[in-house]
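J.: This structure is in structure tokens; I'll ask about it shortly.
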Amino acid sequence: MAEPLRDRARRATGWRLRMNGDPRPHYVVCGNDPLAYWVARSLLATESPVGRARVTLVLPERRRSEGPDGRDLDGVLVILADRLDEATFRRAGLAGAAGLALLHQDDVGNMHAALCAQEVEPRLRLVVRMYNTSLANGLRELFPDSAVLSDASIAAPAFVAAALGELAPTHFRHGGRTLYAARRTDVRPQDVLCGLAVTTDPELIRVLPADEESADVVLAEATGQPAGTELAARRLARARRRREPVVMLLRAVRSFATRKIGVAVLALLAVIALLGWLNARAAAVNWSDALYLTLVTTLSGQDPDLDKPVAAQVMQVVLNLAGLALIPLITAAVVDGIVKARLALHTGRIQPDRAGHVVVVGLGNIGTRVMAQLNDFGVEVAAIDKNPDARGASLAHRLGVPLIVGDAGLEDTLRAASVATCQALVVVSTDDGTNLRAALNARSLDPDLRVVLRLFDGDFAERIQRAFGIGISRSVSYLAAPAFAAALLDRAVIATIPVGRHALLVTEVPVMAGSPLDGRPLASVARPGEVRLLAYTRVGQKTDWSADPRMVIHPGDRLTVVARRAGLSALLRETTPVPPEPAGMPAPRLPEE
């Protein structure tokens with residue numbers, strides 16, 4: 001039987017006293033990259049009726065990534081440990097904690113840590129980061145009350161949409177409707193549910209504006225029309241199919257052999273043609289007979305005749321010598337082409353030029369997802385990775401995606417992938433330095449190229465975007481952190497909508513008896529720039545998508561809202577009553593900012 005919403009909300013606020021007498025909810029976060037940092041920040045920004053949550057970060061002794069990992073984050077307790085075992089979890093105060101987040105990029109290691117954590121605190125809310133689908137399903141069976149998420153799956157649609165110049169394809173179903181984020185110009189006015197953001201100025205994106213009509217990004221109801229990302233992918237695929245086949249053939253022929261062999265073959269053919277013409281003049285035959293005699297003499301050296309004129313005999317001898325040179329040259333060209341083809345399969349170097357494709361740099365977790373989704377859309381993809389055995393290399397071979405093995409920061413590697421003529425460049429490797437060099441070198445090849453850049457540091461990404469004019473820079477950890485934090489807080493998050501560098505959460509919040517919103521009108525829920533009400537569900541009734549803002553809120557009612565993280569935290573405080581302070585216990589002191 002499903003847990004009642006009232007009990008879930010009470011458990012999420014952490015009302016029960018902890019082992020040290022502190023009523024504030026305590027969360028333990030384990031990781032070694034920026035995802036742990038952003039999840040911890042999201043938890044610190046969340047306040048319950050008893051105060052701000054307590055966060056303990058369990059980090060390895062040495063830094064293992066260039067981005068922030070939370071060591072210098074104010075308001076958290078940091079535990080340094082290279083092994084996640086029972087002793088480490090007891091040091092972190094896991095007993096009595098409200099939740100544990102295992103965010104290492106090691107699926108098996110996270111599963112082992114989950115089993116150890118269960119020995120310390122059996123009734124634990126568990127959130128695990130996993131890439132492998134089979135292991136994720138097995139973990140859900142072992143821990144039914146756990147949330148197993150993949151940051152790559154959460155963030156990949158945003159990178160795909162950015163590469164195609166569209167919004168991230170966010171679809172979700174709630175209250176009998178299928179909703180998605182779209183541009184206002186791409187949907188019918190009657191399908192628009194609410195305005196989400198104003199993105200006309202990329203440097204100043206305003207989310208949830210007070211004037212909904214000014215929003216160019218809206219939340220709309222799906223009515224059978226394909227979303228903007230799908231339309232863009234279809235247009236790109238059709239453009240690829242319309243390419244001239246003759247042009248592609250010439251490119252393949254041009255790349256078949258080396259330039260020196262090609263020049264030698266052409267020069268020799270010119271000599272044979274000239275000698276054939278002179279031989280035809282000497283033998284006094286028409287052009288068709290001359291062609292026949294030239295080919296036979298050149299390729300086989302047959303038809304010796306002592307009665308021929310001296311000029312014809314000289315031409316025949318020269319043609320025989322030219323034929324002796326032509327056969328090895330043809331053999332060399334064929335062998336050179338075969339060797340180059342085998343080397344291309346081994347090193348990943350593609351020779352034919354491409355145009356209108358998307359180049360993905362880095363086939364790790366996120367790059368593999370991006371490549372697969374673009375391929376599903378029918379978009380031609382070329383991949384670059386310095387490791388021939390990268391995580392997504394085998395998938396690239398199965399999909400027929402050419403993989404260039406090399407340093408993406410070098411111009412030669414980018415040229416091998418035909419970056420100068422591609423549709424977009426998606427740079428998602430795990431090295432910020434390589435990512436930045438690849439983006440800048442690609443811009444030198446094509447100043448108008450659309451570049452989607454992954455940078456771990458969100459502040460650094462914004463500065464790079466402004467300084468170098470790179471249109472889109474994203475952080476996977478920043479995009480995925482709200483979903484992980486919401487799962488850790490045991491909130492019913494329906495969807496996460498990325499808009500630029502902002503992340504909007506669609507969630508359903510129950511109103512509890514005695515809370516500040518109990519007895520107030522629906523109009524008091526919305527806050528411009530923070531929270532917008534989407535739907536209202538009364539106890540025992542269907543979801544109302546156009547409720548009268550003058551309606552009074554009753555205990556047990558549910559509010560479906562789209563909100564920023566800070567706005568959602570404020571709404572949760574208004575939908576939950578403040579618990580009475582235990583007798584003789586001082587009020588908890590919040591950590592200083």
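The values are calculated or read from the model by the stated rules, or taken from the named source; none is laboratory data. In this text, all values refer to a predicted model and were calculated from it rather than measured experimentally. Using ideal geometry, Cβ is built from the backbone for each residue, glycine included, and neighbour counts are taken over all protein chains shown. Accessible surface areas use protein heavy atoms only, side chains included; no ligands, DNA or RNA. Shrake-Rupley method; radii C 1.70, N 1.55, O 1.52, S 1.80 Å.
J.: Taking residue 95 as meeting all but one of (1) open to solvent by 10 Å² or more (accessible area, probe 1.4 Å); (2) in a loop (DSSP other than H, G, I, E, B); (3) aliphatic (A, V, I, L, M); (4) touching a Leu at 6+ places or on another chain (Cβ under 8 Å), write down the number of the exception.
T.: Failing condition for residue 95: (4).
J.: Is it true that some residue in region 46-58 is modelled with pLDDT of 90 or more and over 27 Å from the mean Cα position of the chain (by Cα)?
T.: Keep residues of region 46-58 that are modelled with pLDDT of 90 or more, which gives 55-58.
Subset that is over 27 Å from the mean Cα position of the chain (by Cα): 55-56.
Checked against the condition, which is being modelled with pLDDT of 90 or more and over 27 Å from the mean Cα position of the chain (by Cα), region 46-58 yields at least one hit.
J.: I've got another one for you. How many residues does region 576-593 hold that are of a type outside the set (D, E, K, R), within 28 Å of residue 41 (Cβ to Cβ), open to solvent by 60 Å² or more (accessible area, probe 1.4 Å) and modelled with pLDDT under 60?
T.: Residues flagged as of a type outside the set (D, E, K, R), within 28 Å of residue 41 (Cβ to Cβ), open to solvent by 60 Å² or more (accessible area, probe 1.4 Å) and modelled with pLDDT under 60 within region 576-593 amount to 3.
J.: Inside region 518-545, can you point out the residues that are farther than 23 Å from residue 219 by Cα, charged (D, E, K, R) and surrounded by fewer than 17 Cβ atoms within 10 Å (Cβ to Cβ)? Please lay out each step first, then the result.
T.: First, the residues of region 518-545 that are farther than 23 Å from residue 219 by Cα: 518-521, 539-541.
In the following step, the residues that additionally are charged (D, E, K, R) were identified as 518, 520.
The one that is farther than 23 Å from residue 219 by Cα, charged (D, E, K, R) and surrounded by fewer than 17 Cβ atoms within 10 Å (Cβ to Cβ): 520.
J.: Just to verify a result, which residue in region 376-399, among those that are at pLDDT below 85 and out of contact with any His (no Cβ under 8 Å at 6 or more places or on another chain), is nearest to residue 417 (Cα to Cα)?
T.: Out of the qualifying residues, it is 378.
J.: Checking residue 128 against (1) of a type outside the set (S, T, N, Q); (2) in contact (Cβ under 8 Å) with a residue 40 or more places away in the chain; (3) within 16 Å of residue 477 (Cα to Cα), only one condition comes out false. Which one?
T.: Residue 128 satisfies every listed condition except (2).
J.: Every residue in region 546-575 that is open to solvent by less than 40 Å² (accessible area, probe 1.4 Å) and either part of a loop (DSSP other than H, G, I, E, B) or closer than 19 Å to residue 195 by Cβ (or both), please.
T.: 547, 553, 556, 557, 559, 560, 561, 562, 563, 567, 568, 571
Okay, residues lined up against (1) assigned to a strand (DSSP E or B); (2) not small (Gly, Ala, Ser):
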{"residue": "104", "(1), (2)": "no, yes"}
{"residue": "113", "(1), (2)": "no, no"}
{"residue": "131", "(1), (2)": "no, yes"}
{"residue": "136", "(1), (2)": "no, no"}
{"residue": "141", "(1), (2)": "no, yes"}
{"residue": "148", "(1), (2)": "yes, yes"}
{"residue": "172", "(1), (2)": "yes, yes"}
{"residue": "181", "(1), (2)": "yes, no"}
{"residue": "185", "(1), (2)": "no, yes"}
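J.: Given region 412-522, what helices (runs of 4 or more DSSP H) lie entirely inside it while holding 1 or more residues that are of a type in the set (Gly, Ala, Ser) and at pLDDT below 75?
T.: Hits in region 412-522: 458-468.
J.: Let me ask another. Restricting attention to region 403-415, does a residue exist that is under 15 Å from residue 363 (Cα atoms) and without any contact (Cβ under 8 Å) to a residue 12 or more places away in the chain?
T.: Checked against the condition, which is being under 15 Å from residue 363 (Cα atoms) and without any contact (Cβ under 8 Å) to a residue 12 or more places away in the chain, region 403-415 yields no hits at all.
J.: Right, something else. Could you tell me whether region 65-78 includes any residue that is open to solvent by less than 10 Å² (accessible area, probe 1.4 Å), at pLDDT 75 or above, touching a strand residue (DSSP E or B) at 6+ places or on another chain (Cβ under 6 Å) and under 26 Å from residue 141 (Cα atoms)?
T.: Within region 65-78, none of the residues are open to solvent by less than 10 Å² (accessible area, probe 1.4 Å), at pLDDT 75 or above, touching a strand residue (DSSP E or B) at 6+ places or on another chain (Cβ under 6 Å) and under 26 Å from residue 141 (Cα atoms).
J.: Considering only residues that are under 30 Å from residue 151 (Cα atoms) and touching a helix residue (DSSP H, G or I) at 6+ places or on another chain (Cβ under 7 Å), look in region 350-366 and name the one that is modelled with the lowest pLDDT.
T.: That would be 356.
J.: Quick check on residue 120: is it over 21 Å from residue 33 (Cα atoms), in contact with a helix residue (DSSP H, G or I) (Cβ under 7 Å, 6 or more places away or on another chain) and crowded, with 20+ Cβ neighbours inside 10 Å?
T.: yes
J.: Does residue 361 satisfy the condition of being in contact with a Leu (Cβ under 8 Å, 6 or more places away or on another chain) and either among the β-branched types (Val, Ile, Thr) or free of Cβ contacts under 8 Å to residues at least 60 places away in the same chain (or both)?
T.: Here the answer is yes, as residue 361 does meet what is asked.
J.: Select from region 166-215 the residues that are of a type in the set (Asp, Glu) and either in contact with a strand residue (DSSP E or B) (Cβ under 6 Å, 6 or more places away or on another chain) or open to solvent by less than 40 Å² (accessible area, probe 1.4 Å) (or both) and list them in ascending order.
T.: 166, 191, 212
J.: If you scan region 123-133, which residues turn out to be open to solvent by less than 20 Å² (accessible area, probe 1.4 Å) and among the charged types (D, E, K, R)?
T.: Residue satisfying the conditions is 129 alone.
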